[in-house]
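Heads up: the structure comes next, in structure tokens.
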Amino acid sequence: MTLRNIGTVAALALLTALPAAAEWAPERPLEFVVASGAGGGTDNFARTIQSILTKDKIIDRPMVVLNKGGGSGAEAFLYAKQNAGDPHKVIFGTNNVYLLPHIAKLAYKAEDLQPVAALAMDEFLIWVKADAPYQTAGDLIEAAKAEPGKLPFGGSQSKDTDETLVALIEQTTGADFKYVPFNGGGEVGVQLAGGHVVANVNNPNENLGQWQAGAVRPLCVFAPQRMAESEPIHDGKGWHDIPTCKEQGLEIESYQMPRTVWVPAGVPEEAVAFYRDALKQVTDSQEWKDYLGKTSQTGAFLTGEELQTFIANSEAKTVEVFKAEGWSGE
Amino acid sequence: MGNFDLLIHGFGIAITPMHLMLMVVGVLLGLVVGVLPGLGAPNGVSLLIPLTFTLDPTSAIILLSSMYWGALFGGSTTSILFNIPGEPSSVATTFDGYPMARAGQSTRALTLAFMSAGIGALLGVIVITLLAGWASNFALRFGAPEYFAVYFLAFAAFIGMGSAAPVKTVVSLATGLLLASVGMDNVTGEVRLTFGFSDLLGGISFLVVVIGLFGIGELLATVQEGLSFRGVSSRIDLRDVLRTIAELPRYWATSVRSGLVGIWMGITPGGPTAASFMSYGIARQSSRKGKPFGTGRPEGIIAPETADHSAGTCAMLPMLALGVPSSATAAVMMGGLMIWGLTPGPMLFATKPDFVWGLIASMYISNVVGVILVLLTVPMFAALLRIPFAIIGPMIVAICFVGGYTVSSASFDLWLVLVFGLVGYLFTRLDYPLAPLVLSMVLGHKAENAFHQSMILSDGSLSVFFSNPLVGSIMTLALALLILPKLLHLGGRLRRRQPVE
């Protein structure tokens, strides 16, 4: 790029219909906007990517991480809307980008952001306290049917992924739990270890420490197939030894949370392509593989058509649950 | 190996030239972010995390935690000198620290604050050393009702002492609760009181409000009183520092009590801010003679500072052992921990003893380093008061607005700083206490969540707050703190009245 003048650069950012330059590269420091508070899963996701991009010199500009976790992440997505067409803002989220507008009246729509890529899938498992009598998902569901509305089921946030999954379990099996929302996965993990709730649906990483200590125990994972092989974690068992929920007769084939990267709507295709390539290089790095291994997430690099289809499917399925629960705003 | 052997092993890891240097750098950086209101320890630590990727986890956590201690020290400096709390947890230090500085004893106030902070931190680390195994089990017993009871206790300890007119305290408290409920409610997922402003979606930041209330509010009051800065310059003398250190043993009871409050609030997730308020409240209640609190009582500085630091130190324990951070800064550090590939939880102590005990040992050393560094810089800070108001006034305005902006980089917050500056000014003029408002803004949301969760668990029955000995005793203690002072007061008045009748 020959344009160095700051003023011109700012003007350039607004001109989305510039004659197609084959190559786009950032001209200002990048803002990585994270749709969660510091220390959350999305925050770690964004900061890991930032560190790989910096260390491996994939992007040669400073990258500033901004946490905008207000309103379950809506703050970050509104920020994207306010900065429509600015290619120097990259937004990190989950499926909350397209699910939030369905359950709360917010001043943004999913169309105000365009997806760049999904990089990983976080799995969901049913966890119970280590000394609980339930050995399979079936046992837990039978117990809930015996005492409808009595067994407290912990989860993070309200009408978010956890409550949606619990609702889905209820709709599939006819069991009735008492859902109690907490602030985050870590907190729910401790509440389970302390026996204040009967079960939770934490991501692997959120309960790992408690499992290592033998305080909680996984029943099954909501994935089409078992998770990847790993070192044994507790009592000689690793992630691969956990049966899928389908194996245990709980007819939910798959429930996963994508870790996604977005840019504001109106950003030129060249810039999207630039980020897509950069993120591709991230997923090829050893550090990224370490991150996936440490957090027990499943790597998945989805872009373009494939990503659009995934989002459409995931949105349709979840909205069905919202409708049945009466959560959707309309 | 017992805890003591592990600790010695930890010292072996912590005392290397590299680690000692990291401690000094960390404490100094922390002092800078602590002195600037708004740019607090959580922001500072999160800015530093990317730089730690190249360090090994033990060095990284030593750097980050030293920065935290530095920020805690720095936060009290501006509280005392300018009545602007640099950190939320040093709000309570303004109540007596600022009047003492105004009375020409700024060196004494600062020395008291730093020394008590150091003592608090040491008490906290000793407790961590002793309780590393036991505390994590204890914290597991805390469910939603227990959390609510702890927050209720903090409220009660504060209300019970109420020196202002009760109605005014209630108004202030309720205003805080109202402000705390703006934004998205975690339990129901509903957006509340945003009036369609997307800027309010994330809620009103407590720090922004505090900067406005204390910083701008104080400045307006100063301007009204004739443009002279209300701090009186003092002679800077090393002997002042030493004399103050010599008077510390006299307040041992306050120190120990405040240390215990801090340890309690640090292990149970009350956090340093609640700890400092609670400790201040208790110190105020238990003092009988001498000039009233709020006019520069030494105990009024010692109590919040000791509790603040012992809670800040102890907050590391639930973070490491349970993955439950009981302060915002601990939450950020936990994020760092995960990036370094360490999983917080009970097993961390067993699987990574070098990391855990290296950190604990470093906490002893870096707090000593911190106290020495801040004491050396006391004269520098106290000299700030000699600068004429015409120079320092505009600087404070700039610091307040920069600080307000850094909290979440939102220009909307600048308006909030201004609005709350006016609110702070009016409250002060009309004798409404500011502290209850601040306390309920900090704890309101957490208390509400815990209450709501308890109600879901118990199907709406209040008996859940007396359902086991733990929660029952915390609630009883809280109710006692709330009611007893008023009853005693009433009883005293009746007795005095009888002879007349």
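The values are calculated or read from the model by the stated rules, or taken from the named source; none is laboratory data. For clarity, every value in this text was computed on a predicted model and none was experimentally measured. Note that each Cβ is placed from the backbone with ideal geometry, even for glycine, and that neighbours are counted across all protein chains shown.
Residues in segment A:104-117 that are within 17 Å of B:Leu201 (Cβ to Cβ) and in a helix (DSSP H, G or I): A:Ala110, A:Asp112. Whether any residue in segment A:56-69 is within 12 Å of chain B (Cβ to nearest Cβ) and surrounded by 24 or more Cβ atoms within 10 Å (Cβ to Cβ) is what I want to check. Within segment A:56-69 (the criterion being within 12 Å of chain B (Cβ to nearest Cβ) and surrounded by 24 or more Cβ atoms within 10 Å (Cβ to Cβ)), the answer is yes, since at least one residue qualifies. Take A:Tyr255 and decide whether it is surrounded by 20 or more Cβ atoms within 10 Å (Cβ to Cβ) and more than 15 Å from A:Asp86 (Cβ to Cβ). In short, yes. From B:Asp459, B:Asp431, which residue is over 28 Å from B:Asn186 (Cβ atoms), surrounded by fewer than 14 Cβ atoms within 10 Å (Cβ to Cβ) and of a type in the set (Asp, Glu)? The match here is B:Asp431.
Would you check if there is a residue in segment A:260-271 being within 14 Å of chain B (Cβ to nearest Cβ), within 23 Å of A:Thr94 (Cβ to Cβ) and either of a type in the set (Phe, Trp, Tyr) or touching a His at 6+ places or on another chain (Cβ under 7 Å) (or both)? No, that holds for no residue. Highlighted here are the helices (runs of 4 or more DSSP H) found entirely within segment A:184-284 that include at least 1 residues which are within 30 Å of A:Lys150 (Cβ to Cβ) and in the same structural domain as A:Ala137 (by TED's automatic domain parsing): A:185-193, A:204-212. Which ones in segment B:397-452 are in a loop (DSSP other than H, G, I, E, B) and over 19 Å from B:Ala221 (Cβ atoms)? Correct list: B:Ser409, B:Ala410, B:Ser411.
Screening A:Ile126 on (1) surrounded by 22 or more Cβ atoms within 10 Å (Cβ to Cβ); (2) modelled with pLDDT under 95 shows it passes everything except condition (2). Counting the residues of segment A:76-98 that are crowded, with 24+ Cβ neighbours inside 10 Å and within 14 Å of chain B (Cβ to nearest Cβ) gives 4.
For every residue, the table says whether it meets (1) under 30 Å from A:Val188 (Cα atoms); (2) surrounded by fewer than 24 Cβ atoms within 10 Å (Cβ to Cβ); (3) modelled with pLDDT of 90 or more; (4) among the hydrophobic types (A, V, I, L, M, F, W, C).
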residue	(1), (2), (3), (4)
B:Pro99	no, yes, no, no
B:Gly104	no, yes, no, no
B:Leu112	no, no, yes, yes
B:Val127	yes, yes, no, yes
B:Gly133	yes, yes, no, no
B:Phe138	yes, yes, no, yes
B:Pro145	yes, no, yes, no
B:Met161	no, yes, no, yes
B:Ala164	no, yes, no, yes
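Of all residues in segment B:181-205, those being in contact with a Leu (Cβ under 7 Å, 6 or more places away or on another chain), within 19 Å of B:Leu437 (Cα to Cα) and at the interface with another protein chain (Cβ under 9 Å from one of its Cβ atoms) number 1. Kindly establish whether A:Leu192 is in contact (Cβ under 8 Å) with a residue 12 or more places away in the chain, crowded, with 24+ Cβ neighbours inside 10 Å and more than 7 Å from every other protein chain (Cβ to nearest Cβ). Yes, satisfied. When each of B:Gly345, B:Gly370 is tested for being surrounded by 22 or more Cβ atoms within 10 Å (Cβ to Cβ) and modelled with pLDDT of 75 or more, the lone residue that passes is B:Gly370.
Among the residues of segment A:163-183, those that are in contact with a helix residue (DSSP H, G or I) (Cβ under 8 Å, 6 or more places away or on another chain) and more than 9 Å from chain B (Cβ to nearest Cβ) comprise A:Thr164, A:Ala167, A:Leu168, A:Ile169, A:Gln171, A:Thr173, A:Gly174, A:Ala175, A:Asp176, A:Phe177.
Going by the structure shown, is A:Lys150 within 14 Å of chain B (Cβ to nearest Cβ), in a loop (DSSP other than H, G, I, E, B) and either surrounded by fewer than 21 Cβ atoms within 10 Å (Cβ to Cβ) or among the small types (Gly, Ala, Ser) (or both)? Judged against the criteria, A:Lys150 is a match.
Going by the structure shown, is B:Leu443 within 30 Å of A:Pro148 (Cβ to Cβ) and either in contact (Cβ under 8 Å) with a residue 40 or more places away in the chain or touching a Pro at 6+ places or on another chain (Cβ under 6 Å) (or both)?
no
Quick one: is B:Thr428 in contact (Cβ under 8 Å) with a residue 24 or more places away in the chain and within 14 Å of chain A (Cβ to nearest Cβ)?
The answer is no for B:Thr428.
Of the conditions (1) under 22 Å from the mean Cα position of the chain (by Cα); (2) at pLDDT below 75; (3) over 24 Å from A:Gly194 (Cα atoms), B:Ser327 satisfies every one except a single condition; which number is it? Exception for B:Ser327: condition (3).
Each row is one residue, and each column tells you yes or no for (1) in a helix (DSSP H, G or I); (2) β-branched (Val, Ile, Thr); (3) touching a residue at least 24 places away in the same chain (Cβ under 8 Å).
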| residue | (1), (2), (3) |
| --- | --- |
| A:His102 | yes, no, yes |
| A:Leu119 | no, no, yes |
| A:Ala144 | yes, no, yes |
| A:Ser158 | no, no, no |
| A:Val180 | no, yes, yes |
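Of the set (1) modelled with pLDDT of 85 or more; (2) within 19 Å of the chain's Cα centre (by Cα); (3) closer than 29 Å to B:Asn367 by Cα, all apply to B:Leu177 but (3). Here are some residues: A:Gln248, A:Gln308, A:Gln281, A:Gln297. Which one is in contact (Cβ under 8 Å) with a residue 24 or more places away in the chain and exposed (fewer than 14 other Cβ atoms within 10 Å of the Cβ)? Result of the check over A:Gln248, A:Gln308, A:Gln281, A:Gln297: A:Gln308.
Condition check for B:Lys446 on (1) within 14 Å of chain A (Cβ to nearest Cβ); (2) at pLDDT 90 or above; (3) surrounded by fewer than 22 Cβ atoms within 10 Å (Cβ to Cβ): one failure, at (2).
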